[in-house]
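Worksheet: one structure, shown below.
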Amino acid sequence: MSSSYCNLLYHIVFSTKKREPWLTLEIRARTHQYLGGAIRDEEGIAMIINGTADHVHILAKLRQDKAIAKLIGELKANSSGWISRTFEGCADFEWQEGYGAFTVSQSQLSKVHRYIERQEEHHRSVSFLEEFKILLKAHGLPSDERYL
């Protein structure tokens, strides 16, 4: 029996470059599937992936032996290349530099899941930039307009 017990839950957020609305409904659905498969390939569990035309939210359980920065970098690089090759008119697709990665406690899991599930509804009244600033503030992180 293993003597190490880990439950590493992350809420990961990143946007398209310049928050351009590249992710049409068709591209979005297939990109979410691709990202889920990539997380599985890293032996993680994608609990929910959702977003809008300009960004994505991922709620995932990740392994303790995977560096979060490396994993997100690979997710973004690989999915960016895949989107560019797969969808007509997307040869110039890129993700924005950077990301948000927030730990989630087990007690808040269903709340975060519902939040990600309702992205379309949520963004009828709040832009991605506003939302990201709110997430940073809620997690006690400073926001610098130059990098948002």
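Under the Karplus relation 6.51 cos²θ - 1.76 cosθ + 1.60, θ = phi - 60°, what is the ordered set of whole-Hz ³J(HN,Hα) values for segment 137-148, x standing for Gly and Pro?
Working through the residues one at a time gives 4, 4, 9, x, 10, x, 10, 10, 3, 5, 10, 9 Hz.
Please work out how much length the chain gains when fully extended from Asp41 to Leu109, using 0.36 nm per residue of separation minus the C-alpha to C-alpha distance, in nm with one decimal.
My answer for the length gained is 22.2 nm.
Using a 1.4 Å probe, what is the accessible area per residue for the chain, in Å²?
Spelled out: the 1.4 Å probe surface of the chain, per residue, equals 60 Å².
Mind checking the dipole of the chain: about its Cα centre, +1 per Lys or Arg Cβ, -1 per Asp or Glu Cβ, Debye to the nearest 20?
Roughly 340 debye for the chain.
Where the centroid of each part is defined by its Cα atoms, how far is segment 54-78 from segment 2-37 in Å?
Each part reduced to its Cα centre gives a spacing of 7 Å.
Among all the lysines, which ones have a C-alpha under 22 Å from Lys137's C-alpha, if same-chain residues fewer than 8 places away are not counted?
Lys18, Lys111
In nm, what is the difference between 0.36 nm times the number of residues separating Gln33 and Lys18 and their Cα-Cα distance?
The Gln33-Lys18 span can extend by a further 3.1 nm.
Placing +1 on the Cβ of each Lys and Arg and -1 on the Cβ of each Asp and Glu in the chain, which of Ile68, Gln106, Ser84 has its Cα farthest towards the positive end of the resulting dipole?
Gln106
Counting only protein heavy atoms, what percent of the accessible surface of the chain is carbon or sulfur at a 1.4 Å probe?
For the chain, the apolar C and S fraction of the accessible surface comes to 50 percent.
For Cα pairs less than 8 Å apart in space and 6+ apart in sequence, what is the mean separation divided by the residue count of the chain, i.e. the relative contact order in percent?
Relative contact order here is 31 percent.
The values are calculated or read from the model by the stated rules, or taken from the named source; none is laboratory data. Every value quoted in this text rests on a predicted model; they were computed, and no experiment measured them. Virtual Cβ from ideal backbone geometry, glycine too; neighbours counted across all protein chains shown. The protein model used for the area step is the full one, side chains on, heavy atoms only, and it has no ligands, DNA or RNA in it. Shrake-Rupley method; radii C 1.70, N 1.55, O 1.52, S 1.80 Å.
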